[in-house]
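Below is one structure; the comments refer to it alone.
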Amino acid sequence: MFLSDINIGQYIPTGSVIHKLDPRAKLFFFLIIISAIFPAQNFFQVLAWTIILIFIIKLSKISGRIILKAARPLFFLVIFAFIFNLIAAFFAEDFLPALYRTFFVTSRLAVLMLFAVLLPLTTAPLELADGIDALLKPFQKFGLPSNDIAMMIGMALRFIPLLMQETDKIIKAQLSRGARLDQGNLFQRAKAFIPVLIPLFVIIFRRADEIALAMEARGYDSGKGRTRRKPLTWKKNDTLAIILVISFTLVIIFFV
């Protein structure tokens, strides 16, 4: 697989320890980590989570370049947050504390984003959908359609990389025809992207129609349980992973 083919939400199989964990365990400890990063109060906590992130990346056997490539669409959020906070810092009464806050918020958001990107890279879309379905199943008593929610999330994770690849192909085709997508003011650029959006919408509706036909042919019925080719199995490594993540989280929150 070429580096240029990597997109956000794409699964990268490496057979690592992280890949072999039960999707319920991965969802649980990623939710713990992400929930713990939000209330981080200082750079030392962000640095601690960065070290843990690097350690998990090493265990996943996925190249850092691949992860950065997959996270590239989300970097706009980091850049926007940095610019917005930097502008606010210039108008603040205490510039240095505001500047410190700008770098702190941006770094925290970047680490949070990389953790979020790492989950679909190490978990197949079908396994991730099964894990979400299993975690949401207790809420079925309150009328929550866990099966449908898991199916939608799994389909989105499966087709986001495909749609991004199709978008890249359309853009390259338009550029080869002499289109100027990166020139002019904002209005001119938006107008130049119309020939990109129209075929992209056609592809989206075509794929949606194909999915609907395939689901109908397989007898999919919304709201009912479905069989699984690979049933989820909880192992000792899953329990160990949860214990380690909870332990590291408590140490970082109370002692860093």
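The values are calculated or read from the model by the stated rules, or taken from the named source; none is laboratory data. Note that the coordinates shown come from a computational prediction; the quantities given were computed from them, not determined experimentally. All Cβ positions, glycine included, derive from the backbone under ideal geometry; neighbour counts span all protein chains shown.
General observations
- Taken residue by residue, segment 77-84 has no member that is buried (at least 16 other Cβ atoms within 10 Å of the Cβ), on the phi < 0 side of the Ramachandran plot and not in a helix (DSSP H, G or I).
- Single match in Ala88, Ala98, Ala92 (criterion: outside any helix (DSSP H, G or I) and without any contact (Cβ under 8 Å) to a residue 24 or more places away in the chain): Ala92
- Tabulated pairs, segment 26-38, first closer than 17 Å to Thr122 by Cα, second assigned to a loop (DSSP other than H, G, I, E, B), C-beta under 6 angstrom, 6+ apart or interchain: Lys26/Thr123
- Flag if Leu68 is surrounded by fewer than 18 Cβ atoms within 10 Å (Cβ to Cβ) and free of Cβ contacts under 8 Å to residues at least 60 places away in the same chain: yes
- Residues that are of a type in the set (S, T, N, Q) and either surrounded by 17 or more Cβ atoms within 10 Å (Cβ to Cβ) or in contact with a Phe, Trp or Tyr (Cβ under 8 Å, 6 or more places away or on another chain) (or both), drawn from segment 107-145: Ser107, Thr122, Thr123
- Any chance Ile57 is under 17 Å from the mean Cα position of the chain (by Cα) and in a loop (DSSP other than H, G, I, E, B): no
- Tally of residues being crowded, with 18+ Cβ neighbours inside 10 Å, in a helix (DSSP H, G or I) and among the β-branched types (Val, Ile, Thr) across segment 12-35: 2
Matching residues to (1) closer than 26 Å to Ala214 by Cα; (2) part of a helix (DSSP H, G or I); (3) modelled with pLDDT of 80 or more:
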{"position": "Leu128", "(1), (2), (3)": "yes, yes, yes"}
{"position": "Gly131", "(1), (2), (3)": "yes, yes, yes"}
{"position": "Lys141", "(1), (2), (3)": "no, yes, no"}
{"position": "Leu144", "(1), (2), (3)": "yes, no, no"}
{"position": "Asn147", "(1), (2), (3)": "yes, yes, no"}
{"position": "Met152", "(1), (2), (3)": "yes, yes, no"}
{"position": "Met155", "(1), (2), (3)": "yes, yes, no"}
{"position": "Ala173", "(1), (2), (3)": "no, yes, no"}
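- In the set (1) farther than 26 Å from Leu244 by Cβ; (2) surrounded by fewer than 18 Cβ atoms within 10 Å (Cβ to Cβ); (3) small (Gly, Ala, Ser), the condition left unmet by Ala89 is number (2).
- Set Phe104, Phe159: member being among the hydrophobic types (A, V, I, L, M, F, W, C), surrounded by 14 or more Cβ atoms within 10 Å (Cβ to Cβ), farther than 21 Å from Ile57 by Cβ and modelled with pLDDT of 80 or more: Phe104
- Options Ser146, Ser107: the member that is without any contact (Cβ under 8 Å) to a residue 24 or more places away in the chain and among the polar types (S, T, N, Q): Ser146
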